[in-house]
1. May I ask you to compute the full-extension gain from C72 to W85, defined as 0.36 nm times their residue separation minus their alpha-carbon distance, rounded to one decimal in nm?
2. To the nearest 20 debye, what charge dipole does the chain have about its Cα centre, counting +1 at the Cβ of each Lys and Arg and -1 at the Cβ of each Asp and Glu?
3. With θ taken as phi - 60° and the coefficients 6.51, -1.76 and 1.60, list the Karplus ³J(HN,Hα) couplings across the range 60-69 in order, rounded to whole Hz; mark glycine and proline as x.
4. What does the C-alpha gyration tensor say about the overall shape of the range 43-82? Classify as rounded when a/c is under 1.5, otherwise prolate if a/b is larger than b/c, or oblate.
5. Could you pull out every one of the aspartates and glutamates with an alpha carbon less than 20 Å from that of K9, ignoring same-chain neighbours closer than 8 positions?
6. Need one number: nm distance between label points at T109 and T2, each 7 Å from Cα along Cα→Cβ, rounded to one decimal.
7. Rolling a 1.4 angstrom probe over the protein heavy atoms, how many square angstrom per residue are accessible across the chain?
8. Enumerate the calculated ³J(HN,Hα) couplings along the range 81-91 in order (Karplus 6.51 cos²θ - 1.76 cosθ + 1.60, θ = phi - 60°), each rounded to whole Hz, writing x wherever the residue is Gly or Pro.
Amino acid sequence: MTDEFWKRKSLAQMNSDEWESLCDGCALCCLQKLEDEDSGEVFFTDISCKLLDLDTCRCTNYESRTKLVASCLSLSIEDPAAFGWLPSTCAYRRLSNGEELPAWHPLLTGDPQSVHDAGISVMGKATSELETDEYTVLRQI
Ligand code: SF4
Ligand code: SF4
């Protein structure tokens with residue numbers, strides 16, 4: 001059985017492998033966002049970052065991502081305010097709010113495909129910013 005480290009450790013106590021494994025691979029944070037000036041509500045569009053591989057939902061240059069894309073979020077426990085830009089399904093946001101991991105999370109299912117099978121990820125829903133600048137709103141953050 002998997003060690004459910006996220007239940008006995010805070011985000012600040014996790015090692016780098018544990019921290020990285022919290023990412024479910026949804027790629028929602030790799031979509032362009034819109035903010036309603038009046039309400040402050042933030043929405044994901046269906047336009048993805050130029051570095052996102054839409055077939056795998058993985059970054060094509062993860063190591064250099066923050067140098068290549070100024071708006072790329074580099075998550076760390078030292079900057080908890082950044083979790084507010086993550087979707088409500090994201091493990092970093094959920095754990096920082098005292099919530100559980102969702103049942104489809106790969107750490108619980110043991111299957112990286114489960115985030116796609118559950119319809120949470122951007123797979124099949126987004127177009128690269130390299131191909132279009134026409135967007136529709138996908139969902140609220
Ligand atoms: S939203 Fe969260 S879980 Fe999804 S890709 Fe981004 S960091 Fe990973
Ligand atoms: S640089 Fe990579 S991790 Fe950052 S938003 Fe783009 S695709 Fe996502």
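The values are calculated or read from the model by the stated rules, or taken from the named source; none is laboratory data. As the structure is a computational prediction, the values presented were derived from the model and not from experiment. Virtual Cβ from ideal backbone geometry, glycine too; neighbours counted across all protein chains shown. Ligands, DNA and RNA are excluded from the accessible area calculation, which covers all protein heavy atoms including side chains. Shrake-Rupley method; radii C 1.70, N 1.55, O 1.52, S 1.80 Å.
1. Values: separation 13, 0.36 × 13 = 4.68 nm, distance 1.10 nm.
Between C72 and W85, full extension yields 3.6 nm more.
2. 340 debye
3. Each residue of the range 60-69 in turn: 7, 8, 4, 4, 9, 4, 6, 7, 8, 10 Hz.
4. Numbers: a/c = 2.03, a/b = 1.38, b/c = 1.47.
Verdict is oblate for the range 43-82.
5. D17, E18, E20, D24, E78, D79, E99, E100
6. About 1.1 nm, to one decimal.
7. Details: 8360 Å² over 141 residues.
Per-residue accessible area for the chain comes out at 59 Å².
8. Calculated HN-Hα couplings, in order: 4, 5, 5, x, 8, 9, x, 5, 7, 5, 4 Hz.
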